[in-house]
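Taking it in order: structure first as structure tokens, then the write-up.
The values are calculated or read from the model by the stated rules, or taken from the named source; none is laboratory data. Keep in mind that this is a model prediction, so the values were computed, not measured. For neighbour counting, all protein chains shown are included, and Cβ atoms are generated from backbone atoms with ideal geometry for every residue, glycine included.
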Amino acid sequence: MNSPTREGPESILYTLAVRLLGYEAGPLALTQLLVGQIPEPLMLDLPLPDGSRVLGGVVYANGSAIAMFDVPLTPEAVLHFYQEHLLARVWEHLVEEEDLGLGGFTFGLERGQTMRFYRSLSNSELSISADAHEAGLSDVRLSLETKRRSKPIREMRGQWVASSLLPALTPPPQAQQVSGGGGGHSEKEANSRTTLITDLDLASVARHYTSQLERAGWVHTEEGQSGPFAWSQWRLQTESGEHWQGVFFVLKQSELPRQYFLHVQVDWVASS
């Protein structure tokens, strides 16, 4: 898995310098510039996708670091790669206050978009961005902040927001998510729906999304599949003792064999 390709230092240094000139590092003092190497603070247990071309990175005086490399994957595939590996390595998907209410079906990683993860053992935040910049290649940047601004937010103004219980659900690689979906939320209910076009079968589509719900802390209670319909029920409990029930289902549209309708919903049940 960790098999980055390396090139001559002059070619890599030129590319790295150009990208650093376009990066706003703020008031932090640059203490080390590395060519063709991943900064030590970012070594950790982070994998690199196969075929990565390491450009280098920088280390700042406060211990924060940035690594830059090219990957022969789409930005969406990069997102899925790191989401899978980081969540299995004591990192959690970071939810900030500005993210509340934005859960449910998303269109994946768009140009310039960043996904953030938090590690409580080291109080560190890791940001991952991927941007398609050449045919078949993505410009990937890993940014590690050693002192976070605040803890992940799950409540706002002392009142639970139902929509914050819906995790961001990204589509499978190579799938097309049709615009025009929707959703809504209130104090005690939130839902999201979308249409997906993919070559995957019904079971694979359902498994792709239920695995994301599990990683978000949803607990399976029941599931089933019958004909073109797959469904699952879930339970959730907040730190404040609120009990919620979740429902997810996928419907394969018979007249459009590659098209699926997806729905996810969470409802308040009771307080402890």
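Assorted remarks:
- Answer from ALA230, ALA206 - the residue that is assigned to a helix (DSSP H, G or I) and farther than 22 Å from MET115 by Cα: ALA206
Table: residues versus (1) buried (at least 17 other Cβ atoms within 10 Å of the Cβ); (2) of a type in the set (Asp, Glu); (3) outside any loop (DSSP other than H, G, I, E, B); (4) in contact with a His (Cβ under 9 Å, 6 or more places away or on another chain).
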{"residue": "GLY182", "(1), (2), (3), (4)": "no, no, yes, no"}
{"residue": "GLU187", "(1), (2), (3), (4)": "no, yes, no, no"}
{"residue": "ASP199", "(1), (2), (3), (4)": "no, yes, no, no"}
{"residue": "THR210", "(1), (2), (3), (4)": "yes, no, yes, yes"}
{"residue": "TRP234", "(1), (2), (3), (4)": "yes, no, yes, yes"}
{"residue": "PHE248", "(1), (2), (3), (4)": "yes, no, yes, yes"}
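- Residue check, GLU214 outside any strand (DSSP E or B) and among the acidic types (Asp, Glu): yes
- Cross-chain or 6+ apart pairs with Cβ under 6 Å, the stretch 21-46 first and modelled with pLDDT under 80, then assigned to a loop (DSSP other than H, G, I, E, B) and not basic (Lys, Arg): ALA29/ALA61; THR31/ALA61
- Filtered residue count, the stretch 161-180, keeping only those that are of a type outside the set (Ser, Thr, Tyr) and in a loop (DSSP other than H, G, I, E, B): 8
- Residue that is modelled with the lowest pLDDT [pool: residues in the stretch 250-272 that are polar (S, T, N, Q) and surrounded by fewer than 18 Cβ atoms within 10 Å (Cβ to Cβ)]: SER272
- Spans of strands (runs of 3 or more DSSP E) in the stretch 60-158 with at least 1 residues among the aliphatic types (A, V, I, L, M) and modelled with pLDDT of 85 or more: 65-71, 124-134, 137-145
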